[in-house]
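K.L.:
Structure provided below as C-alpha cells; questions to follow.
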Amino acid sequence: MFKILKFYLVKYCYNWVLCILKLKNYMIVLFCKKSDGSNIKSIILNIDLTEYLNTFFGYFDKSPFNPQNSNIITFHANNAKSCRKPNPNISTDIIIFDFKKDKIIKIVDSVYSWNWQQGARLHWLDEDNLIYNFYDKQSDSYQSKMYSLSTGNKRTIKLPVQESYKNKYILSISYESLYQTRPDYGYSNKIRKNLNLKEIFIKKYDLTTNKIEELINAEILLNKYIQHQDKVDLKSIRINHLLISPDGNKCLFLFRFVEKYKLQHLFFLYDFRSKEEKILIDHNMVSHYFWLNNKNVLFWGEIDNVGDYYILNSDTLQKKCLGLNLSDGHPTMLNPTTFITDTYPDKSRMRSLMKVNFSNKKIKKLAAFYESPRFIGETRCDLHPNISPDGKYIHIDTIYTGKRLLHLLEI
C-alpha cells in the first residue's frame, strides 16, 4: 500500500513541476526583450493543425520560408509519437502553408524516409520549387522529388538530397551509411550493415543536365589523410553536414570516425572548380557552422580544448576565437555581425534562443523553451532557428507542450 501511495505522490509532484516549468516557459516567451530594449512580439504563430500531432521543419541550415514570400512556408506534419524514434512504417506529410491566411495550400506528398532532426531534408530550391527525400520501395532506394508550386508537377531524382545550390544542382550522401553511425540523421527503411568505403560518398547531381558525378568517397579520404588506418573503426566512418558556399563554388563537409576509441573530426572544403578537397581543421572538434561570405566560416568547435565560436578563413586557414563563452548551438546569420543561435538544455531542461553580436560581444536571450527529459538522443528537439529572407521572422521547432510544434517569432 505504501509503495502505491509513494508512486502516485511522486507522479503528482512530477506533474506539478512539469506544469510550473511550462508556465515559466510561457512567461519567458511572452515577456522577453530584444537587445535594443524593444519587445519581441511573442509567438505570432504556433502551427498546431488539428489533424496532426506534430508539425516541424528540420535542420537549421535550410529555411521553411519561401525565398520570395515569407508568408508561405513548408514543413513536415505527422501523427507519430513525439517521444518515440521514427518508425519506417509511419509516414510524414509534406505541407505548404500560408500562415497569414492560416491555410494549407497543398499537402504535397506523404513520405516514409524522415527523422526528427532533419525530416526528409525538405527545403526550397527557389521561389517555385521545393525538394525532399523519399524511400522508393520498388527499387529499395532513397531518392528525392522536386515539386513545383505553380504547376503541381513532380520530378523524381534518382539520388537523395543532402544539400543543394538553388535550382542548379544537389549534393547527395549515403543515408544507409549515416543511419549506421548517426541514426538521428539517417533513415531506417533500408538497413545495410556492411557498406564498403566507396559507398560512403558525396555525389553531385546536375538538375539541368541530369549528370551524376562522384566527388569524393571515404576510401579516398582515408588513404590520403589517415596514417594509421589499422587503428580506425571502419564501421564508425561517416560523411555529413554538407554546406555549399553562397556563390556555389565550394562545399564544407565533416569526415568523422573513431580511432583508438576516440571520435576524430576532420573538417573539409571541396572546390568544384579545381575538383580538389583540402583539410581546414583536423583532430579538433567542429560542430555546427555557417558561411559568413564566400571565404569566411562561422563555426562552433573545440580548438585546443577551448570550446567557443570561431571565424575561419577558408583560404588562409587562419582561425579567430570570438571569446563569446557560449556553448554549442546552431548559428544562422541575421546580419554581417549578428547571428541567432540556440543552446542545448540546461540544468532546468530549458533551451535558449540567443541573439549574438560578435563585433561588440553583446549577447541577448530572446526566449527559452522547456524540453522534458523524455526527449533525448534521436527524439530530442533542437530549436534549429532560421530567419526569413525578409528578416521579419525566426522559425524554431519546439516540444515544450509535449508534442512538436513549429513556431514563428516576429522580430
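Just so you know, all these numbers are worked out from the coordinates, no wet-lab data involved. Because the structure is predicted, anything quoted here is derived from the model rather than measured. Glycine also receives a Cβ, built like all others from the backbone with ideal geometry; neighbour counts cover every protein chain displayed.
K.L.:
Test of understanding: extend the Cα→C-beta vector of Asn46 to 7 Å, then name every residue of the stretch 368-405 with backbone N under 13 Å from that spot.
P.N.:
Zone members listed by number: 370, 398-405.
K.L.:
Beyond a 29 Å Cα-Cα separation, which of these cross-linked pairs lie in this structure: Lys262/Lys320; Lys203/Lys278; Lys203/Lys365; Lys100/Lys250?
P.N.:
Cα-Cα > 29 Å for Lys203/Lys365; Lys100/Lys250; rest within.
K.L.:
Another question about this same structure. Specify whether the C-alpha gyration tensor of the stretch 257-369 places it in the rounded, prolate or oblate class, a ≥ b ≥ c being the square roots of the eigenvalues: rounded for a/c under 1.5, otherwise prolate if a/b is larger than b/c and oblate if not.
P.N.:
Values: a/c = 2.16, a/b = 1.36, b/c = 1.59.
Since a/c reaches 1.5 but b/c is at least a/b, the shape of the stretch 257-369 is classed as oblate.
K.L.:
Give me the percent relative contact order of the chain, please, defined on Cα pairs under 8 angstrom at least 6 residues apart. Present the calculation step by step, with values, prior to reporting the outcome.
P.N.:
Values: 941 pairs, mean separation 59.8, N = 411.
Taking the mean separation of contacting Cα pairs over the length of the chain, I get 15 percent.
K.L.:
Run down the aspartates and glutamates and flag those whose C-alpha is under 19 Å from the C-alpha of Lys235, throwing out any fewer than 8 positions away in its chain.
P.N.:
Within the straight-line cut-off, Lys235 pairs with Glu176, Asp184, Glu199, Glu219, Glu259.
K.L.:
State whether the stretch 270-315 is rounded, prolate or oblate according to the following rule on the C-alpha gyration tensor (a ≥ b ≥ c being the square roots of its eigenvalues): a/c under 1.5 gives rounded; otherwise a/b larger than b/c gives prolate, and the remaining case gives oblate. Spell out each step's value before the answer.
P.N.:
Numbers: a/c = 2.85, a/b = 1.62, b/c = 1.76.
Since a/c reaches 1.5 but b/c is at least a/b, the shape of the stretch 270-315 is classed as oblate.
K.L.:
Sort 387-395, 356-364, 169-177 by the packing proxy (mean of other Cβ within 10 Å over each peptide's residues), most packed first.
P.N.:
On the way: 387-395: 18.4, 356-364: 14.9, 169-177: 23.3.
Ranking, from highest mean packing down: 169-177, 387-395, 356-364.
K.L.:
Turning to a different aspect of this structure: Could you pull out the pairs from Lys319/Lys355; Lys319/Lys403; Lys85/Lys145; Lys204/Lys403 whose alpha carbons sit more than 28 Å apart here?
P.N.:
Details: Lys319/Lys355 22 Å; Lys319/Lys403 40 Å; Lys85/Lys145 24 Å; Lys204/Lys403 36 Å.
Lys319/Lys403; Lys204/Lys403, as the Cα separations exceed 28 Å there.
K.L.:
Extension gain Ile104-Thr337, at 0.36 nm per residue separation less the Cα-Cα distance, in nm? Walk me through the intermediate numbers first.
P.N.:
Details: separation 233, 0.36 × 233 = 83.88 nm, distance 3.58 nm.
Fully extending the segment from Ile104 to Thr337 adds 80.3 nm.
K.L.:
Can you sort Val232, Val306 by how many other beta carbons sit within 10 Å, fewest first? It would help to have the intermediate numbers written out before the result.
P.N.:
Details: Val232 16, Val306 12.
Fewest to most other Cβ atoms nearby, the residues stand as Val306, Val232.
K.L.:
Using label points projected 7 Å from each Cα along Cα→Cβ, tell me how many nm separate His228 and Thr209, to one decimal.
P.N.:
Placing both labels 7 Å along Cα→Cβ, they lie 4.4 nm apart.
K.L.:
Volume per residue, Å³, of the convex hull around the alpha-carbon atoms of the chain?
P.N.:
Details: hull volume 69.3 nm³, N = 411.
Dividing the Cα hull volume of the chain by its residue count gives 169 Å³.
K.L.:
Please report the net charge: other residues with Cβ closer than 11 Å to the Cβ of Asp109, K and R +1, D and E -1.
P.N.:
+2
K.L.:
If you don't mind, there's one more thing I want to ask. On a C-alpha basis, how far is the centre of the stretch 172-213 from the centre of the stretch 267-306 in Å? Whole number, if you could?
P.N.:
Rounded to whole Å, the Cα centres lie 21 Å apart.
K.L.:
Going by how many other Cβ atoms sit within 10 Å of their own, how do Cys83, Cys381 line up, fewest first? List each step's numbers first, then the result.
P.N.:
On the way: Cys83 13, Cys381 24.
Ascending Cβ contact count within 10 Å gives the list Cys83, Cys381.
K.L.:
When averaged across all projection directions, what area in nm² does the alpha-carbon convex hull of the stretch 115-243 cover? Walk me through the intermediate numbers first.
P.N.:
On the way: hull surface 34.3 nm².
Its Cα hull, projected and averaged over all orientations, spans 8.6 nm².
K.L.:
Can you give the calculated 222 nm mean residue ellipticity of the chain, where each DSSP H run of n ≥ 4 adds -39,500 (n - 2.57) and the sum is split over every residue, rounded to the nearest 500 deg cm²/dmol?
P.N.:
Values: 3 runs with 45 residues, N = 411.
Dividing the helical sum by the residues of the chain leaves -3500 deg cm²/dmol.
K.L.:
Under a point spin-label approximation (7 Å from Cα along Cα-to-Cβ), what is the Lys392-Lys235 distance to one decimal in nm?
P.N.:
If labels sit at Lys392 and Lys235, their model points lie 5.2 nm apart.
K.L.:
Could you compute the FRET efficiency for Asp136 and Lys320, with r as their C-beta to C-beta distance and R0 at 51 Å, rounded to 0.05? Don't jump to the answer; show the numbers that get you there.
P.N.:
Details: r = 46 Å, r/R0 = 0.89.
It comes out at approximately 0.65.
K.L.:
Here is a follow-up. Given a Förster radius of 41 Å and the C-beta distance between Asn69 and Leu197 as r, what FRET efficiency does 1/(1 + (r/R0)^6) yield to the nearest 0.05?
P.N.:
Working: r = 44 Å, r/R0 = 1.07.
Here the calculated transfer efficiency is 0.40.
K.L.:
Something else now. Which net charge results for the neighbourhood of Arg84, defined as the other residues with beta-carbon distances under 11 angstrom from its beta-carbon, given Lys and Arg at +1 and Asp and Glu at -1? Walk me through the intermediate numbers first.
P.N.:
Numbers: positive: Lys81, Lys85, Arg374; negative: Glu378.
Residues close to Arg84 contribute a combined charge of +2.
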